[in-house]
Every structure is written in C-alpha cells, then in structure tokens.
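In what follows, a single structure is set out as structure tokens and then discussed.
The values are calculated or read from the model by the stated rules, or taken from the named source; none is laboratory data. Since the structure is predicted, the reported quantities are computational estimates derived from the model, not experimental observations. Note: ideal-geometry Cβ built from the backbone for every residue, glycine included; neighbour counts use all protein chains shown.
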Amino acid sequence: MADNALNRKAERREYRRVSDAVALHVETIEGEAANDADIRQVELPDHPTHVVSLSPNGLKCFHNRPFSDDEMLSLTLKLFPSETTISLRGRVVNSGEDGQKDGKDRFFAGIAFKGLTDSQREIILNHIDGVAKKSFGGAVKLIYKK
C-alpha cells in the first residue's frame, strides 16, 4: 500500500513546477456544472493577483476563503507577460489554513486540473519553460515525460 502511495505521488510530480505570479479567479461549481465542459471565462485584471505553484497537472494557491477536499472549481488563469487566459475545471486534492498568515489569503488549496485540453497543456508547458529560463538566465532545458 505504501508503494501505491509513492507511485501516485511520483505521477503527480512528473512535471516541473514553477512559482509564478498570475491573475486567478476561482469559484465553486456544483451538480451538473461540475461535469460541464463549457466553463465560463471571467474577465481578469491586467496584473497578477496570486502567486501560485504551477504545473501542467495543477496548481497550489492561497486564497481568502477556505476550500474543501474534493470540491470542484471553475478556474480562470491569466499568465504573464503573454496575458494568455485559460479557463478550466479543477478538483481540490488538499486544502488547509496557514496558521502563520493573518487575514487575507491564509487558506490554501492544491488543485488538480480536470479535462485539460492538449492546447491548454501546451500553453502551460511553454509558460513554465519561459519562467524557468528567465529565472535561470536561459541556462536550463526542461524535459517532460509524456
């Protein structure tokens, strides 16, 4: 059983993660909407609103409200500097509260993307490559498992 847990953890971490500043809108979806492929895109500001840990499989973010494990979410994510906006679904896989933070954005959630299209995944992969190359002065080549 412990071996299974290690395998699942390895699968979740098959892609590199980057810390990045993005504009993010999160809302809970319920019932039939949770299975609906058409997620509405929300207008986001032209500046970052959250710092997230981002991978093509999901993200971790801090927010001003608590999340519940297995909660289905509608996410609108704007990446900078390209200002590319992606709307997608996600499921909260872990959540909690950071006791070290006071007030705003003290609740966190690990969110697994659901129903990500190939083009959305490619946008996120290219963005992660760009952030990593910029962070390391272009001296990095990222290799991803397929």
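Here are a few things to note about the model shown:
- Output for region 94-113, where each listed residue is surrounded by fewer than 16 Cβ atoms within 10 Å (Cβ to Cβ), part of a strand (DSSP E or B) and not small (Gly, Ala, Ser): Asn94, Glu97
- Region 23-71 - residue that is polar (S, T, N, Q), modelled with pLDDT of 90 or more and assigned to a loop (DSSP other than H, G, I, E, B) and, of those, surrounded by the fewest Cβ atoms within 10 Å (Cβ to Cβ): Ser68
- Reported count of residues in region 93-146, each being more than 23 Å from Phe62 (Cβ to Cβ), modelled with pLDDT of 90 or more and of a type in the set (Ser, Thr, Tyr), is 2.
- Filtered by the rule that a residue be more than 17 Å from Asp98 (Cα to Cα) and touching a Leu at 6+ places or on another chain (Cβ under 8 Å), region 56-73 gives a lone residue, Pro56.
- Residue within region 71-89 that is within 16 Å of the chain's Cα centre (by Cα), more than 18 Å from Val42 (Cβ to Cβ) and of a type outside the set (A, V, I, L, M) present: no
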